[in-house]
Amino acid sequence: MRVLITGASGLIGSAVGDALLARGDEVAGLSRAPARARTANPTVSWHAWDPVHERPPEAAFEGVDAVVNLIGENINQRLTPAAKQRIRDSRVRATKNLVDGMLAAAATPGVLVSQCAVGYYGERGEEMVDESTPPGEDWTARLCREWQDEALAAAGSGVRVAVLRSAPVLDPDGGLLKELLLPFRLGVGGPLAGGHQYMPWIHRDDQAGLIVWALDNNAVEGALNAGAPNPVTNREFSKTLGTVLGRPAVMPVPRLVVVAMRGEELTDQVLASIRVIPRRALDLGYRFRFGELEPALRDLLGR
């Protein structure tokens, strides 16, 4: 199989690419800076693409059987109007351009696995959330709905589309876990704003594993939650991370401190309680390598 990946140089994209190459598949990647990407990873066939302003080049789709879409600007920033527009363009417009390019190719790839996020659901408190739960109404939920819809548009042309509504991926080299490690190692980590909100999470190996599984299985289509089967509260997460690091995790961080660091709107996203269950993935037969938080953290941190 030949697979084209957007975001192929990122943490998850590179993990997916490595997994595909290890089993003998071919991987092509789309990048704004293909020469630099080629130097970093010469095993991937790189093509230039400005995702917001154009379709991928037709040559990128030659011989391609499936596409994995992982592109998107980091949402962990102050959500000014300009930042919101950049974030939206990097997801919604870029996915539309990708799908338009796929459908215009001489031979349309048969499968699209596209990233989305659990922010689709918005604030849910203690409610159990599965794929049948309707979307939320805040800005992030609306963004996720538009992002998902652009990917699902390809299904009308006979492409099998799977959209993964992903939880924050745990990886010490990036994202949430990397951000938390320093304060927790210094003994000043602790629950945010009381810590009662549910935190969905997923180990990086399961995130990559779900993507490869979705590529391979014809029964996998539509939206699926990509989160570990056992979400925890922020308080539980903090306690477990402290235990794994051998450091106290009792320093509470008031909401006002989070607002000062991130702004009001991003704080609402960070503190949203989303108790996500990956019901469809489990029903369709995916077996999580890391369903519980403590073994996941011990594996990632070598503890």
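The values are calculated or read from the model by the stated rules, or taken from the named source; none is laboratory data. These numbers come from a predicted model, not from an experiment. FYI the Cβ positions are ideal-geometry reconstructions off the backbone, even for glycines, and counts take in every protein chain you see.
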Note: among V99, V113, V92, just one is part of a strand (DSSP E or B) and either farther than 30 Å from P57 by Cα or of a type in the set (V, I, T) (or both), namely V113
When every residue in segment 258-303 that is more than 23 Å from T243 (Cα to Cα), aliphatic (A, V, I, L, M) and not in a helix (DSSP H, G or I) is compared, the one farthest from the chain's Cα centre (by Cα) is L284
Reported set for segment 157-171 where residues are in a strand (DSSP E or B) and in contact with a helix residue (DSSP H, G or I) (Cβ under 7 Å, 6 or more places away or on another chain) is V161, A162, V163, L164, R165, S166, V169, L170, D171
Going through segment 172-189 in order, the residues found to be assigned to a helix (DSSP H, G or I), under 13 Å from R204 (Cα atoms) and either touching a residue at least 60 places away in the same chain (Cβ under 8 Å) or over 16 Å from the mean Cα position of the chain (by Cα) (or both) are G175, L177
Checked segment 256-303 for anything at pLDDT below 95, in contact with a helix residue (DSSP H, G or I) (Cβ under 8 Å, 6 or more places away or on another chain) and surrounded by 15 or more Cβ atoms within 10 Å (Cβ to Cβ); matches are V258, V259, R262, E265, T267, Q269, V270, L271, A272
Of the residues in segment 198-218, those that are outside any helix (DSSP H, G or I), in contact with a strand residue (DSSP E or B) (Cβ under 6 Å, 6 or more places away or on another chain) and more than 19 Å from T133 (Cα to Cα) come to I202, H203
Of the conditions (1) part of a helix (DSSP H, G or I); (2) closer than 16 Å to L143 by Cα; (3) of a type in the set (A, V, I, L, M), the single one that L21 does not satisfy is (2)
The condition from (1) of a type in the set (D, E); (2) buried (at least 22 other Cβ atoms within 10 Å of the Cβ); (3) in contact with a strand residue (DSSP E or B) (Cβ under 6 Å, 6 or more places away or on another chain) that E221 misses is numbered (2)
Picked from segment 100-119 (must be touching a residue at least 60 places away in the same chain (Cβ under 8 Å) and more than 22 Å from S273 (Cα to Cα)), the residue surrounded by the most Cβ atoms within 10 Å (Cβ to Cβ) is V113
Among residues of segment 4-14 being crowded, with 19+ Cβ neighbours inside 10 Å and not hydroxyl-bearing (S, T, Y), the residue nearest to D173 (Cα to Cα) is I12
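Residues checked against (1) among the aliphatic types (A, V, I, L, M); (2) closer than 21 Å to L176 by Cα; (3) modelled with pLDDT of 95 or more:
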residue: G24; (1), (2), (3): no, no, yes
residue: R36; (1), (2), (3): no, no, no
residue: W46; (1), (2), (3): no, no, yes
residue: S90; (1), (2), (3): no, yes, yes
Per the filter on segment 120-149, residues in contact with a Pro (Cβ under 9 Å, 6 or more places away or on another chain), assigned to a helix (DSSP H, G or I) and surrounded by fewer than 23 Cβ atoms within 10 Å (Cβ to Cβ) are A141, R142, R145
Only one of R32, R91, R38, R2 is in contact (Cβ under 8 Å) with a residue 40 or more places away in the chain, more than 22 Å from T140 (Cβ to Cβ) and either touching a strand residue (DSSP E or B) at 6+ places or on another chain (Cβ under 9 Å) or among the aliphatic types (A, V, I, L, M) (or both), namely R2
